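Chemist: Structure provided below as C-alpha cells; questions to follow.
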Amino acid sequence: MSAKMNSKRRSAVQSVLLPVAFGGVLITAWQTGLLHKLLNTDEYVLPYPTRILTIISENTDKIMENVWASLEVALLGLLFGSVIGYLIAVFAASFRKLGSGGLTIVSSFNAIPIVALAPVIINWTKDVSPQADVRSMVAKIVIVTIVCMASMSVNAYRGLTELPAFSQDLMKTYGAGKLTEFRKLRLPNSIPYIFTALRVSVPVSIISALVSEYFAEYVIGVGRQIRENILIAQYSTAWAYILVACVIGIAMYAILIAAEAIVLKKRR
Amino acid sequence: MKLVRKITNSKLFFTFIWIAALIIVWEIFAYQVEQTKRTPENVLPHLSGVVDSITSDKKINGSQTAFQMVMENAGATLSRAAIGYVIGIALGFILALIMSLSGIVEKVVFPYLMLIQIIPILGMAPIINAITKDIAVSRIVIAAILTFYPVAANTLAGFKAVRRESHELMYSYSASKFQLYTKMMIPSCIPYFFTGLKISAPMAITASILVDTLQGGLGLGCLLSQSLKGAMTRYVFWDIVFFSAIIGILSFYFIGIIEKLLCPYKKLEQKGR
C-alpha cells in the first residue's frame, strides 16, 4: 500500500518537476545565446529574456494602458458572444428543426477567417460614433462577439438537448411544464457544456481581440503594439508585448479553470 | 407528396432557409446603404455586384481580371498554408505517438502543448516574420504551429481512449509494441486525429492570410489590404472576403469528406443507422 502511494506521489512530483526543468533549460538556452544559433537569428530580433523584462519594468504604465484596452475588448466580446450564443442554443433547442439548421450556419461562421471578418465589421461600424477610439472599440468588440458566439451555441445546444436517460420522462411524471423542465433540467444540465465552450472561446477571444486591433483605426492594444513596434524595428519592445499577451492568455485560462473547479464541485 | 415532406423535414432544407434569410437581410441592408451612401460598395455592395465582379472580363490592373488576380494570390497563400498544414499534421502525429510511447516525454511536453493552445500565436506572426526573414517561410511556420497542437492533443486523446479490454486482449495475443500500435492504437485513434485536422484546417488558412497582410508581395492578405487602401476597385476586397470565408468553411467539410472516403468505420456507422 505504501509503495503504491509512494509511486503515486513520485509520479505527481515528476509531472511538475519535469516540465519546469524543461522550461528552465529553454530559458537558459535563450539567455546564453544557444537558441539564437539554433534559430539562426541575432539578439536584436530575439532579445535576451533579461532585456525583455527590463523593458517591461521600464514601460509599465504604457503597457498596462494597452493591456486594459485589449482586455476590455476580449472580455466584453466574450461576454456578449457567450450570452448571444447561449440564447441561440435555447432557441435551437426549443425549435429543433429550424434551430439545428441555424446552428449549422452559426458554426460555419467560425470557419470564416478573422482577417476577412475584421475589415468588414470595421466598415459597418464606421457611423457608430464620431470618435475614432469609440468606434474602433465597438468594431473590435463586435468581432470578438461573433467569433465567440459559435462555440458557445454549439456546446450549449448539446447541453440543453443531450439529457440523462429517462430524466425527461421523470419531468413528465411530475407534470412539469416546458418552463419548469428548462429551469430544473435543461439549464443545470448545460452548465458543464458552458465550461467546455469557454475553454475554447477564452483563448479565441484574446487572439481575435489582438488580430482585430491590427485592422482597427485607432492605434491601441497589445496586438497592435506588437505590430507597430516591429514596423519601426523595436523588436525588444515588441517582445515585451508578446510576453504580456502570453501572460494575459495564461491568466485568463487559469481563472476559467479555477471557476470551473469551484462551480462544478458545488454541483456534486 | 412524400418527397416534399421528406425534403421539408431534412436538416439541409432548414439550413437553406437560413441561407436564404441571410441573403434577403443582406440585400435589404445593401439597398438601404445604396440610398444613403456616396460609395455604397465600400460599405455593403449588392451580392449581384460581387458576382458580377467575379465573372466580368474587365481587366483591372492592365493584365488580369479580378477573378484571375484573386486566384493567383490565393494560390500563393493557400499553397503555403497547405505545406504548413501537412508539416504540422506530421509533427503533431509523431509527437502524439512519442508521448503515448513514453510517459516521461508526455509529462515534459504536454503542459507546453496546453500553453501553445492558450497563448495568442497569431499575435506573434510579425515576430516570426522578422525571425524567418522570408514571408513564404513564415506562412509555413505559423500554419504548421497552429495545426500542430490540435492534431497532437486530439491524437493523444485518441491513444488514451483505447479501452483497457483491448489492451488486455493484445497482451493475451502477446503482441509486440509494433503490432500493438499498427493493429490497434493507430487505427483506433484515427477519428480523434481527424477531429484535430478539422479544427486546424480553417486556422491554417486564417494564419496564412494574416501573415500576408504584414508584408507586400503576392498573397490574398496583401491584396486585401491594397484594395482596402483603394489601390483598386473595392469589389476585389469583397471577392477576397467571400472567397476566404467559403474556403475556410469548405476546408472543414473537405476534411470530413476525406475522412469518410478513407475510413470504413464512418460508412459502418451510417449503415447502422
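Chemist: Treat every Asp and Glu Cβ in the protein assembly as shown as -1 and every Lys and Arg Cβ as +1, leave all other atoms uncharged, and give the resulting dipole magnitude about the Cα centre to the nearest 20 debye. It would help to have the intermediate numbers written out before the result.
Modeler: Working: 50 positive and 29 negative charges, 509 e Å.
So the magnitude is around 2440 debye.
Chemist: Something else now. Which of the listed residues, B:S251, B:I94, B:I140, is farthest toward the dipole's positive end in the range B:66-272, when Lys, Arg count +1 and Asp, Glu count -1 at the beta-carbon?
Modeler: B:I94
Chemist: With +1 on each Lys and Arg Cβ and -1 on each Asp and Glu Cβ, and nothing else charged, work out how big the dipole of the range A:49-267 is about its Cα centre, in Debye to the nearest 20.
Modeler: On the way: 19 positive and 13 negative charges, 199 e Å.
That gives the range A:49-267 a dipole magnitude of about 960 debye.
Chemist: Continuing with this model, one more query. Dipole of the range A:65-177, Cα-centred, from +1 at each Lys and Arg C-beta and -1 at each Asp and Glu C-beta, to the nearest 20 debye?
Modeler: On the way: 7 positive and 6 negative charges, 75 e Å.
It works out to roughly 360 debye.
Chemist: Please build a GNM for chain A, connecting alpha carbons under 10 Å apart, and tell me which residue among A:R183, A:R199, A:R224 fluctuates the most.
Modeler: Result: A:R183 has the largest fluctuation of those listed.
Chemist: To continue, here is another question. Which FRET efficiency value, to the nearest 0.05, do you get for A:M64 and A:V25 by plugging their Cβ-Cβ distance into 1/(1 + (r/R0)^6) with R0 = 30 Å?
Modeler: Values: r = 31 Å, r/R0 = 1.04.
It comes out at approximately 0.45.
Chemist: OK, next. Treating each Cα of the range B:66-272 as an identical point scatterer and ignoring solvent, apply the Debye formula and state log10 I(q)/I(0) at q = 0.07, 0.12, 0.14, 0.15 Å⁻¹.
Modeler: Once normalised to I(0) and log-transformed, intensities are -0.27, -0.70, -0.87, -0.96.
Chemist: I would also like to ask the following. Among A:V115, A:V106, A:V25, which one moves the most in a GNM of chain A with springs linking Cα atoms closer than 10 Å?
Modeler: A:V25
Chemist: Within the set of other residues whose C-beta is less than 14 Å from the C-beta of B:T15, count the net charge using Lys and Arg as +1 and Asp and Glu as -1.
Modeler: Numbers: positive: A:R96, A:K97, B:K11; negative: none.
Around B:T15, the charge tally is +3.
Chemist: Just add up the charged neighbours of A:M252: K/R +1, D/E -1, any other residue whose Cβ is under 14 Å from the Cβ of A:M252.
Modeler: Local net charge: -1.
Chemist: Let me ask something else. Mind giving me the nanometre distance, one decimal, between the label points for B:V86 and A:R158, set 7 Å out from Cα along Cα→Cβ?
Modeler: Computed distance between label sites B:V86 and A:R158 equals 3.2 nm.
Chemist: Taking 31 Å as the cut-off for C-alpha to C-alpha distance, list the pairs among B:K160/B:K260; A:K172/B:K260; A:K8/A:K184 that go past it. Working shown, then result.
Modeler: Values: B:K160/B:K260 23 Å; A:K172/B:K260 40 Å; A:K8/A:K184 40 Å.
As for pairs spanning more than 31 Å Cα to Cα, those are A:K172/B:K260; A:K8/A:K184.
Chemist: Between 0 and 90 degrees, rounded to the nearest ten: what's the tilt of helix A:49-58 against the longest Cα principal axis of chain A?
Modeler: Rounded to the nearest ten degrees, it is 80.
Chemist: Could you compute the net charge surrounding A:T237? Neighbours are other residues with a C-beta less than 12 Å from the C-beta of A:T237; K and R count +1, D and E count -1.
Modeler: On the way: positive: A:R51, A:K62, A:R227; negative: A:E58, A:E228.
Here the count lands on +1.
Chemist: With the dipole of the range A:21-77 worked out from charges on the C-beta (+1 for Lys and Arg, -1 for Asp and Glu) around the Cα centre, which of A:Y44, A:I55, A:L76 lies farthest toward the positive end?
Modeler: A:Y44
Chemist: I would also like to ask the following. Could you check the simple spin-label distance between A:F95 and B:Q35, using points 7 Å along Cα→Cβ, in nm with one decimal?
Modeler: It is 2.7 nm.
Chemist: Do the sum for chain B: with -39,500 (n - 2.57) for every DSSP H run of n ≥ 4, divided by all residues, what is the mean residue ellipticity at 222 nm, to the nearest 500 deg cm²/dmol? Write down the numbers at each step before the final one.
Modeler: Values: 13 runs with 216 residues, N = 273.
The per-residue figure over chain B is -26500 deg cm²/dmol.
Chemist: Now for a different question. Which percent of Cα-Cα pairs in the range A:148-237 sits in each 10 Å bin, short to long?
Modeler: Histogram of Cα-Cα distances, whole percents per bin: 16, 28, 19, 15, 12, 8, 3, 0.
Chemist: If you rank A:D133, B:D239, A:D127 by fewest surrounding Cβ atoms within 10 Å, what's the result? Could the numbers behind the result be given before it?
Modeler: Details: A:D133 14, B:D239 25, A:D127 10.
Lowest count first: A:D127, A:D133, B:D239.
Chemist: What distance in nm lies between label points placed 7 Å from Cα along the C-beta direction at B:Y112 and A:L170?
Modeler: Calculated label separation equals 4.7 nm.
Chemist: A follow-up question, please. Mean-square fluctuation check for chain B, GNM, Cα pairs under 10 Å: which of B:I19, B:I135, B:I247 is largest?
Modeler: B:I19
Chemist: Further question: Name the helices (complete DSSP H segments) of chain B with a Cα length along the long axis of 24 Å or more and a Kyte-Doolittle mean of at least 0.0, or state none.
Modeler: Details: long enough: B:11-36 (38 Å, 1.26); B:66-101 (51 Å, 1.49); B:135-160 (38 Å, 1.43); B:186-212 (38 Å, 1.19); B:234-262 (42 Å, 1.58).
Helices passing the filter in chain B: B:11-36, B:66-101, B:135-160, B:186-212, B:234-262.
Each value in this text was obtained by applying a stated rule to the coordinates, not by laboratory testing. Predicted model, so just to flag it, every value in this text is computed and none were measured. Every residue, glycine as well, gets a Cβ built from its backbone with ideal geometry; the counts of neighbours run over all protein chains shown.
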